[in-house]
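The values are calculated or read from the model by the stated rules, or taken from the named source; none is laboratory data. Being a predicted model, the structure only gives us computed values, none of them experimental. Neighbour counts run over all protein chains shown; Cβ positions are idealised from the backbone, glycine included. Keep in mind that these areas ignore ligands, DNA and RNA; they rest on the heavy atoms of the full protein, side chains included. Shrake-Rupley method; radii C 1.70, N 1.55, O 1.52, S 1.80 Å.
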Amino acid sequence: MSNHFLASTPQELQASLEEVNRKMQEEEAQAKAGSLGLPYIDLHHFPVDLSVLGLFTEEEAREMGAVPFYKEVNDLRIATTQPQHPLLRQKIAEFEKKKNKVSLYLVSQKSFLQTLKFYSKVLRPKVQADETVRVEKEEDYVSLLKNLQPEEEQVKLNASRLLEIIFGAAMHYKASDIHLEPEEHFLKLRFRVDGALQDILHFKNILHHTLTMRIKILSKMKLNVETAAQDGRITFYYLGKPIDVRVSVLPSAYGEEIVMRLLGTGATNLKLKDLGFVGQAKDTVERAIQKPNGMIITTGPTGSGKTTTLYAFLNELNKPGVKIITLEDPVEYKLEGIVQTPIDHTHDFDFAKGLRAILRQDPDIVMVGEIRDQETAETAMQAALTGHMVLSTLHTNDAAGAIPRLLNMGIKPFVAAPALTVAIAQRLVRRLCQNCKKPAKLSPTVMEKIQSLLKSLPASANINLPTNLVFYHSGGCEQCQHLGYKGRIGIYEVLENTEEVQQLIFAANASMSAFKKLAISQGMITMAQDGLLKALEGITDVEEVFRVAGE
């Protein structure tokens, strides 16, 4: 034996060692197959059918550790190193739905990697039919969802068709979010419509895994991670129009919960007149956006429509000869003629760094998605002082809270006083369905609360109240999907930075209540009062106003 190796060339010795190693791997794979109760196959020198190999993309094959190696009529055979991989189980289920008999074989890692080399010869189709969701034609997706109430109807559809129906129905309802929430005995589908979650359908529990795997594949998430939160994106096509979807997956007690935010479906063509500003507030805002410089801040919690308001301002300001640049996290709606820049935390491109960068691009108007820290606030304020109009958002409960918040962030009074033009606080209330609204009878306690709020309206606001206060409510009809509401409108309070307000900014430690008292004395009406005035007009109802304004 030693003489044989001594006589061998280094190349022959290397080949002999590789062959020994390969045989050992095959023996280990064969033994493992026996312990798993699976047949074993060695694909070394196996005549691979490229058309069969092409049933999986190379990326899918690498992810799953699996390759299809034989198919005749409906008999499909797959070699794998990971027989329990979630994506592989998903693929097998899809093949079996198409009446294929699928057999799994265990293969060694070396044999699998050798077979992967054949992918360089596979002719790839230009577009994989299952790589996206397409809602190609007008269908009654709401009825299609209702027809899935019997559980036996749900399992007849594959994951792609189920998602097509879900997305189609979400667009019909004008939903902003789709929620898939696993419970103990079913999977709950809910849509967020006009800011409120609506129960839509209960799916069989067995569909939870199928839908989750499909959504993870589409949003390029890790399929084998089920105990950690993940984020991704999907683009689906609705009647030829691409709709971006932000996907969040979160582990829960009964499996992974999925929330999909539909981006770009909001009203991007809104004008100032559509927002719901009235009276003195409307006049103040119109004056503010006509100024060549200064800062306009909108405040309110997440989901209160701050970004939509800023987009409406941008639509008014977007004219030839004006350069507008936005800095957003993320870019939710695309606006034509405006440079929109996304924040990228992976490359250390935050609001502060982004704002400094875009100011070097010589813009006339800048929108900063959110002021989160002192550095961003200072840069934005300095830009407002040096000839730019700056629009941004801040998290405070009311308009009067914006100024103390900025001062607490470290902004000097001599910067804040001349830089700020106006602070707007807002909430969104649902609009009553005008088809089924009727006068509502309110309890004496509620009426007393309403009268107290309306009685304290500032005289300088020039509001003329009707003698007889009539409010409305909608019971629901076909036109509003029996929800009673259709669309949303803002309720606002607008604090103008007058000379008196600036004097208060320079005063040491002026409280939020002091700013609010001064603003009311100058004619500012509160959000609750603005909401009640809209309720008197039959635009919304009292219940909605108190739900979101909370006074």
- Item | Tilt relative to the chain, helix 512-521 - C-alpha long axis, 0 to 90 degrees, to 10 | 50
- Would you mind checking the tilt of helix 206-218 against the longest principal axis of the Cα atoms of the chain, expressed as 0 to 90 degrees and rounded to 10? 80
- If one compares the long axis through the Cα atoms of helix 374-385 with the longest principal axis of the Cα atoms of the chain, the angle in degrees, nearest 10, works out at 50
- In nm, spacing of pseudo-spin labels at residue 506 and residue 18 (7 Å Cα→C-beta vector): 8.4
- Note on the structure: With every protein chain in place, the accessible area of residue 456 for a 1.4 Å probe, in Å² rounded to the nearest 10, comes to 70
- At 222 nm, what helix-only mean residue ellipticity would the chain give, in deg cm²/dmol to the nearest 500, using -39500 (n - 2.57) for each DSSP H run of four or more? -11000 deg cm²/dmol
- Taking 134, 430, 547 and ranking on accessible area (1.4 Å, protein atoms only), highest first, one gets 547, 134, 430
- Item | Those Cys residues of the chain for which no other cysteine Cβ falls under 4.7 Å | none
- Would you mind telling me the share, in percent, of accessible area of the chain contributed by carbon and sulfur at probe 1.4 angstrom? 51
- Item | FRET efficiency, residue 224 to residue 74 (Cβ-Cβ, R0 35 Å, nearest 0.05) | 0.75
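If 132, 346, 299 are ordered by their accessible area, calculated over protein heavy atoms with a 1.4 Å probe, which sequence runs from highest to lowest? Mind showing how you got there, number by number?
Working: 132 35, 346 120, 299 0 Å².
Largest accessible area first, the residues go 346, 132, 299.
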- Message: How many angstrom lie between the Cα centre of the stretch 269-294 and the Cα centre of the stretch 522-538?
- Response: 17
- Message: Compute the distance from the alpha-carbon center of the stretch 311-333 to that of the stretch 61-87, in whole Å.
- Response: 50
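Only four residue types carry charge here, +1 at the Cβ of Lys and Arg and -1 at the Cβ of Asp and Glu. Report the dipole size of the stretch 30-183 about the Cα centre in Debye, rounded to the nearest 20. Working shown, then result.
Numbers: 21 positive and 23 negative charges, 154 e Å.
Dipole magnitude for the stretch 30-183 comes out near 740 debye.
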- Ignoring ligands, DNA and RNA, what accessible area per residue does the chain give at 1.4 Å, in Å²? 50
- Message: Given all pairs of different Cα atoms, what value in angstroms does the Kirkwood hydrodynamic radius of the chain take?
- Response: 28.0
- Task: Apply 1/(1 + (r/R0)^6) to the Cβ-Cβ distance of residue 356 and residue 302, taking R0 = 22 Å, and write down the FRET efficiency to the nearest 0.05.
- Result: 0.25
- Please give the solvent-accessible surface of residue 409 in Å², to the nearest 10, using a probe radius of 1.4 Å with every protein chain present. 20
- Percent antiparallel among DSSP beta bridges (both partners in the chain, rounded to 5): 65
- Would you list 254, 237, 141 from the most to the least accessible area, probe 1.4 Å? 254, 237, 141
